[in-house]
Amino acid sequence: MNKNLYLFIAFLLLSSFGQAQTGITWNSGMNINSASGNNHPRIAVDGSGNPLVVWNHNNNAMFTRWDGNAFTMPMPVNPMNITVAGAAWMGPDIASYGDTVYVVFKQTPENSDTCHIFCTHSYDGGVNFSAPVQVDDIADSISRFPTVTTDDLGNPIVAFMKFDATFSDSRWAVSRSTDFGFSFSIDTKASGWSSASSLICDCCPGALACSGNTVAMVYRDNDNNNRDSWAGISTDGGYTFSYGMPIDQNNWNIFSCPSTGGDAVIIGDSLYSVYMNGASGTSLVYMNASSISEMNGSQGIALAGSVPGLSLQNYPRIASDGTAMAVVWKQVVSGNDQCVIRFTNDITNGLPMQYDTVDLSNVTNADVAVYGGKVFVIWQDDGSNTIKIRTGSFNSTTGVQETAVSVSLSVFPNPASSEVQITSKQVMDEVVITNALGQIVYHDLPGAKKISVNLNIAGIYFVTVRSNNVIAAQKLTVLH
């Protein structure tokens, strides 16, 4: 039988409805996009469980969201005057909390001290995004590889690589916001825990995880060419990092950067991290579970047993919801680039050895999200030059969801001639109004349930209200 025909038939079998080895009932796969590139896709979900996806194409941070019926037309979230760094192994990142969405990206050229890390935010599930806000404070230094997560209130925490002006002294830096992405703190160093002289692997992206006041920065270390993975740990919400843990102890000594990083989630006191290591002679994906309170990383375990024809594994990603947890990665078996997943609906019972094969060929990298009894897997398919997605459902054991409480917001009249009344059933701690360019035209801390604002220039505006660290936003039209 023709090989391509065999792969097509096999994919149809994989795409059929039914419960797989992991206990996930999969639907058929679909393309997210058609002609807008596919480099390095990343996924999050909004407060209703709809997937949100960002990737790089032609130096743009492309974004699409599921609107209940289909994925919206992909659109760049970066302005035309800011080009975005991206490749198959790195690019923009995304995080969400309810309907608050953050996308971070690095301006090109990467080796310029005038090109920065930016964060843009949306308070309506990705319908509208703000003008980009500069995150890094690099002076005459250089930055690259931004990654983002949120704290338990929905504020963004951003990490990025930082170098001196000669592209030396590589380290990971973390900056955080306390006003939902309008401004960011001066960064703090999160790496350098293996030895006093250690640097970081400067071509390997990293990842952040946050739970409560604990923030973990997972990265590939470079201690005299030992390139195992570490986690810097903060216990004060990311303002300072007080210690680090070796989450990968394979002693992989190589003289060039492998251009692949890890990922992590925090569940209870455990930091679950995934990474690639080639110390065995084959690039394999590992998972580590370490106690944060004990401040000492444990040995990771390979995520796949003996796989006939396996020659490589890479690009692992991890996601959780309550105690449900999923790990995806790319692997090459008998020359075919596959996307595979291991999953459990309760990690406290361990991670079963069985994995599902989500796709059989042309996979370059993948990402995963878990929310509300569903698993979303996306991947870069270089055969069709598209991003593909498959969704599966499972029986949730915890029912734990991180759902933001809604804020009742009224803006009247709308359209308005000049004066508008902004009213909420909750006390409004902060009110921000931006114009269509994302520029702030009004900012106040009213501490009241009703205020009046005069807007004397016709145009489209966005009213954002924060009440008890929950955000609501509404579009406003002013006519003259």
Report the net charge of residues surrounding PHE182, where surrounding means a beta-carbon distance below 14 angstrom and charges are Lys +1, Arg +1, Asp -1, Glu -1.
-> -2
Counting Lys and Arg as +1 and Asp and Glu as -1, what is the net charge of the other residues whose Cβ lies under 10 Å from the Cβ of CYS204?
-> 0
Once every DSSP H run of n ≥ 4 in the chain is given -39500 (n - 2.57) and the sum is divided by its residues, what mean residue ellipticity at 222 nm do you get, rounded to the nearest 500 deg cm²/dmol?
-> -1000 deg cm²/dmol
Classified through the alpha carbon gyration tensor (a ≥ b ≥ c as square roots of its eigenvalues; rounded if a/c is under 1.5, else prolate when a/b is larger than b/c, else oblate), the chain comes out prolate
Roughly how tilted is helix 3-15, in degrees to the nearest 10 and between 0 and 90, from the longest Cα axis of the chain?
-> 60
Length gain on complete extension for the stretch PHE255 to MET295, per 0.36 nm per residue less the alpha carbon to alpha carbon distance?
-> 11.5 nm
What ranking do 336-345, 287-296 get when scored by the average of other Cβ atoms within 10 Å per residue, highest first?
-> 336-345, 287-296
Give LYS189/LYS374; LYS106/LYS475; LYS374/LYS425; LYS162/LYS374; LYS106/LYS374; LYS449/LYS475 a once-over and call out the pairs whose C-alpha atoms are over 25 Å from each other.
-> LYS189/LYS374; LYS106/LYS475; LYS374/LYS425; LYS162/LYS374; LYS106/LYS374
Length gained when the stretch LEU479-MET75 is fully extended (0.36 nm per residue, less Cα-Cα span) | 142.7 nm
For the chain: accessible area per residue (Å², 1.4 Å) = 39
Expressed as a whole percentage, what fraction of the accessible surface of region 38-193 belongs to carbon and sulfur atoms when a 1.4 Å probe is rolled over the protein heavy atoms?
-> 47
Are there cysteines in the chain with no other Cys C-beta under 4.7 Å, and if so, which?
-> CYS115, CYS119, CYS210, CYS339
Proximal charge balance of ALA87 [Cβ under 12 Å; K/R count +1, D/E count -1] | +1
Convex hull projection area averaged over all views, region 180-333, Cα basis, nm² = 9.9
Normalised alpha carbon radius of gyration of region 312-449 [divisor 2.2 N^0.38 Å] | 1.59
Rg and Dmax [Cα atoms of region 339-379; Å; Rg one decimal, Dmax integer] | 11.3, 34
Residue by residue through region 349-366, which ³J(HN,Hα) values in whole Hz follow from phi under the Karplus form 6.51 cos²θ - 1.76 cosθ + 1.60 (θ = phi - 60°), with glycine and proline marked x?
-> 9, x, 10, x, 6, 5, 10, 9, 9, 7, 8, 10, 7, 6, 7, 9, 7, 8
Grab the Cα-Cα distance for ALA88 and SER393, subtract it from 0.36 nm times how many residues apart they are, and report the gain in nm with one decimal.
-> 107.0 nm
HN-Hα J in Hz across region 223-232 - Karplus 6.51, -1.76, 1.60, θ = phi - 60°, x for Gly and Pro = 10, 6, 6, 7, 10, 6, 9, 10, 10, x
Long-range amide H partners of ALA190 with built H, under 5 Å | TRP172, ALA173, VAL174
Mean-position separation - Cα centroids, region 45-113 and region 298-327, in angstrom = 25
Long-range HN-HN contacts of GLN249 with modeled amide H, under 5 Å = GLY300
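The values are calculated or read from the model by the stated rules, or taken from the named source; none is laboratory data. Just so it is clear, the model here is predicted, and its values are computed rather than measured. Using ideal geometry, Cβ is built from the backbone for each residue, glycine included, and neighbour counts are taken over all protein chains shown. Each accessible area value is taken on the protein alone, full model and side chains, heavy atoms only, with ligands, DNA and RNA left out. Shrake-Rupley method; radii C 1.70, N 1.55, O 1.52, S 1.80 Å.
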